[in-house]
There are 2 protein chains.
Amino acid sequence: MQFLDKYQEIVAKAVEKYVFKDKPTELYEPMNYIISHGGKRLRPIMVLMANDLFGGDLQKAIKPALAIEFFHNFTLIHDDIMDEAPLRRNQPTIHTLHGINTGILSGDALLLKAYKFFEDLEPELFKACIRVFTHTGLLLCEGQQYDINFETLPNVTFNDYIRMITYKTGVLSASSFEIGALIAGADFKDAKAIFNFGKNVGIAFQIMDDYLDVFGNQEQFGKKHAGDIYENKKTVLYLLAKENATEEERKELEYWYSKKTDNVDKIYSVEKIFRRTKVDEKTLLLIQKYNEIAQDYLNKIDVPDEKKKPFVELANYLLRRES
Amino acid sequence: MQFLDKYQEIVAKAVEKYVFKDKPTELYEPMNYIISHGGKRLRPIMVLMANDLFGGDLQKAIKPALAIEFFHNFTLIHDDIMDEAPLRRNQPTIHTLHGINTGILSGDALLLKAYKFFEDLEPELFKACIRVFTHTGLLLCEGQQYDINFETLPNVTFNDYIRMITYKTGVLSASSFEIGALIAGADFKDAKAIFNFGKNVGIAFQIMDDYLDVFGNQEQFGKKHAGDIYENKKTVLYLLAKENATEEERKELEYWYSKKTDNVDKIYSVEKIFRRTKVDEKTLLLIQKYNEIAQDYLNKIDVPDEKKKPFVELANYLLRRES
């Protein structure tokens, strides 16, 4: 993914250039800490990709791209507190190092800094971007709350699930693309098309995440096998299995998902039902479906195919993480 | 304070009108809960007062005024988690009722909702207000962090203290006035003057808060006597006492402030030093000084004195809470 390397370098340089030097350092150092540990930085890259697609100026898009990265890291800081996660990107989380209070406060400040990074834009564009940004932030909070609700909700539907992952994952990719397009001066129709491309790739990506948890090659995927089953997560596999199960299988599924246990019998039994109900095939079809919807939106945009190639490559990269 | 009643009614009606009906309710109900419990709602009132001072339209200012109230409540939700406070306005705090996770998430969403409530403004004005708003938010986070730092910092100076209370309290009053002025179309000079009026009244108010903790009439003030001394808070009284104390008194002060104890000897001894160093008089002079600076800024604004009367009354109301 050569084009990714190029963008990653641009973002890495910008991160370095705009490292927070504000005081008090007790507030800003944790923000620098999490941002410097990087990750793939796909979301700011999406801003830059969309900006390039519509012929925008990199210099104009770079600070808003960082704003998206700040926002993403703000959600990670607060999510890690909520999940009591000790590690993030193999490094201790901020609340582990500095306590929950610093985690809350640094997260808040990082969200505010994200808003600040749009301020070089002219008023019309500033307002357009901030509207998208704020709306996205609210949907993410709502998605997070739906995800929490699902833990105790007995009857989560497939549609509930799709809404939850759309809000939690799809919308931020979508908005990253949209903001890049807006900054490049794309028209409303094109900005919405690239938004919908991002949204559907994001949904497909999240479904793939559920799939790989059970059917992935663990070494390449790098996570504990079937962690979602251990934690009774109502993933797309679980929901599709329930939909397609016999009465007896459904009862067995519900029995296992009512227990918190490390018993391997649970994994064995649940996976057997997953296979019998063919949720592996069904899930791959679903990923394909959302990817196709995404590609359709991409096709609607009236720029030469050559310029769209990175978007197709990015989708393939995100959706074939095992290959 | 008849004019306050009038504004309080306007804000109360707006709060009712704009109650959040979004879903999921698990996210939005806690936000409605804290906002509905009110408090004096001085900050949105400040927006409306400044808007009136410069002849603005109430309808245009009301949603930004609520944005300020949302912002204030966002900080309260997160502060209450940090302080492990069980009660706020005599009601259980959100994290007490729903857990820390809901507290963090509802707070985040409330900050985002605050941004949304500026969106009816035209782009130029939107950008001007959002800049003030974001900057204020960051200073509040910084002030909060300075306050946390002070707990373990041995040598807090008087200037450190003034900066901390300016960020934590002064700036939000200041910005509430400024945003009201901007919405009314006040010029830059006038907007800055009313900002500085608010900042200095805010500082004076916070110093009065320190004063009343020890020298206030507890029944009217409604807080535990000398709570700040019990908690070793480096208030203005403590800092002025240290500055004016003999070597022996300073050592005694430091001795008591290194202990967490409910021993009344501590209160008795510290208050004796406070009186011997005359920090009560000095503090009242300081409040007077900041109030005078505030009034000077108010005087610079070229509108009839009659229209400024509510501002003078508000300052008197805030600074003579015992009378």
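Just so you know, all these numbers are worked out from the coordinates, no wet-lab data involved. Just so you know, these numbers come straight off a predicted model, no measurement behind them. Every residue, glycine among them, receives a Cβ derived from its backbone with ideal geometry; neighbour counts consider all protein chains shown.
Worth pointing out:
- Degrees between helix B:58-82 axis and first principal axis of chain B (Cα, 0 to 90, nearest 10): 40
- Degrees, to the nearest 10: A:25-36 long Cα axis against longest axis of chain A: 70
- CD proxy at 222 nm, helix term only [per DSSP H run n ≥ 4: -39500 (n - 2.57); per residue of chain B; nearest 500]: -24500 deg cm²/dmol
- Counting only the Cα atoms, segment A:173-234 fills a convex hull of 93 Å³ per residue.
- In a DSSP loop and with at most 11 other Cβ atoms within 10 Å, there are no trypsin sites (Lys or Arg not before Pro) in segment B:183-219.
- Each other copy holds its own label point for B:Val264; taking that point as 7 Å from Cα along Cα to Cβ, the gaps run 6.8 nm, nearest first.
- Charge dipole (segment B:54-153, unit charges on Cβ, about Cα centre) - positive-most of B:Ile68, B:Gly143, B:Thr93: B:Ile68
- For segment B:235-323, alpha-carbon Rg over 2.2 N^0.38 Å: 1.52
- For segment B:126-238, the calculated P(r), taken from all Cα-Cα distances in 10 Å bins from zero up to the bin holding the longest distance, is 14, 37, 30, 16, 3 percent.
- Label spacing, shortest first and in nm, from B:Gln288 to its equivalents in the remaining copies (7 angstrom along Cα→Cβ): 8.5
- Peptide B:8-18 has a mean shielding of 0, counted as Cβ atoms of other protein chains within 10 Å of each residue's Cβ.
- Nearest-ten-degree value, helix A:305-319 long axis tilted from longest Cα axis of chain A: 40
- Separation between Cα centres of segment B:32-62 and segment B:250-320, rounded to whole Å: 26
- Of all beta-carbon atoms in chain B, the one sitting closest to the axis that brings chain B onto chain A gives B:Pro123, 2, with the distance in whole angstrom.
- For segment B:1-68, the relative contact order comes to 36 percent (Cα pairs under 8 Å, sequence separation of at least 6).
- Translational diffusion of chain B, estimated by Stokes-Einstein from the Kirkwood radius over alpha carbon pairs at 4 °C in a medium of 1.567 mPa s, is 62 µm² per second.
- Distances in nm from B:Phe188 to the matching label points in the other copies, shortest first (labels 7 Å along Cα to Cβ): 3.4
- Calculated FRET efficiency for the pair A:Leu97/A:Lys13, C-beta based, R₀ 35 Å, to 0.05: 0.85
- Neighbourhood net charge (12 Å Cβ-Cβ; Lys/Arg +1, Asp/Glu -1) for A:Asp262: +2
- When you restrict to C-alpha pairs under 8 Å that are six or more residues apart and normalise by the size of segment A:127-254, the relative contact order lands at 23 percent.
- In summary, the convex hull built on the alpha carbon positions of the protein assembly as shown has an orientation-averaged projected area of 31.3 nm².
- Where trypsin sites (Lys or Arg not before Pro) fall in DSSP loop in segment A:55-109, at most 14 other Cβ within 10 Å: A:Arg89
- Reduced Cα scattering model of segment A:113-186, Debye log10 I(q)/I(0), q = 0.17, 0.21, 0.26 Å⁻¹: -0.68, -0.87, -1.13
- Loop-located trypsin sites (Lys or Arg not before Pro) in segment A:1-39 (DSSP state other than H, G, I, E, B) with a sparse environment of at most 14 neighbouring Cβ atoms within 10 Å: A:Lys21.
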